[in-house]
Amino acid sequence: MVALVGAHTIGFSHCKEFSNRIFNFSKTSEFDPAYNPVFAQRLRKLCANYTKSPAMSAFNDVYTPAKFDNMYYKNLQNGLGLLSSDQAMVTDNRTKPFVDRFAANETAFFDMFARSMEKLSVYKVKENNDGDVRRRCDQFNTLQV
Ligand code: HEM
């Protein structure tokens, strides 16, 4: 799973996916203290009007957003994990060793990513009553208008 989520080395996420981490996070902190504070302030600025502009988004990998590399894991080590599920991988002792390994060794990440994608493919594509190949990743096809 840690290798697969490394796909977040590319692409972006809409503000609503992490808004709970940057606005009114807790009684003592406006933003999630797991964030690098400078990064958190930039996200707060970027997403200030996200309810009115729901397309507003941030790169998943702030440094090399369009390059498939191991920067995503280095970012996690520095409080630059955008989603809480990204950051959780470095705070949880069960997953942190993998984050550290992939951050230190890009070839190890590439190898494990390829193997994990192969493993996923063994589960086959779910169709008809077994599942949906979604036209939109965040919706069942039947819910589409
Ligand atoms: C714990 C598992 C995962 C969670 C919770 C998760 C969550 C998310 C969320 C919330 C977004 C932002 C969507 C949006 O705002 O439109 C996103 C984007 C993305 N995810 Fe994941 N993801 C997970 C695993 C994966 C895996 C396994 C892959 C691929 C192997 C992947 C590839 C991507 C990509 C490429 C994007 C960027 C999409 C774009 O730029 O349009 N994610 N993910």
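The table below lists the values:
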read-out	value
Cysteines, the chain, no other Cys beta-carbon under 4.7 Å	Cys137
Apportionment of accessible area to carbon and sulfur, the chain, percent (1.4 Å)	56
Electrostatic dipole magnitude of the chain [Cβ: Lys, Arg +1; Asp, Glu -1; Cα centre; debye, to 20]	340
Segment Asn105-Lys119, length gained on full extension (0.36 nm per residue, minus Cα span)	2.9 nm
Two-site FRET efficiency, Thr28 against Lys126, from Cβ-Cβ distance with R₀ of 30 Å, rounded to 0.05	0.10
Low-density loop positions, trypsin sites (Lys or Arg not before Pro), the stretch 1-91 - DSSP coil, at most 15 other Cβ in 10 Å	Lys27, Lys52, Lys67
Loop chymotrypsin sites (Phe, Trp or Tyr not before Pro), the stretch 67-145, which have at most 11 other Cβ atoms in a 10 Å radius of their Cβ (DSSP)	Tyr123, Phe140
Solvent-accessible heavy-atom area per residue, rounded to whole Å², over the stretch 4-117 at 1.4 Å	58
Nonlocal amide H pairs with Phe12, under 5 Å, H built at 1.01 Å	Asn60
Top positive-direction residue, dipole computed over the stretch 105-145 with Cβ charges, set Tyr123, Phe140, Thr107	Phe140
Förster radius 30 Å - calculated FRET efficiency between Ala55 and Leu4, Cβ distance, rounded to 0.05	0.70
Over the stretch 4-117: Kirkwood hydrodynamic radius from C-alpha pairwise inverse distances, Å	14.5
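The values are calculated or read from the model by the stated rules, or taken from the named source; none is laboratory data. Computed from a predicted structure; not experimentally measured. Every residue, glycine as well, gets a Cβ built from its backbone with ideal geometry; the counts of neighbours run over all protein chains shown. The protein model used for the area step is the full one, side chains on, heavy atoms only, and it has no ligands, DNA or RNA in it. Shrake-Rupley method; radii C 1.70, N 1.55, O 1.52, S 1.80 Å.
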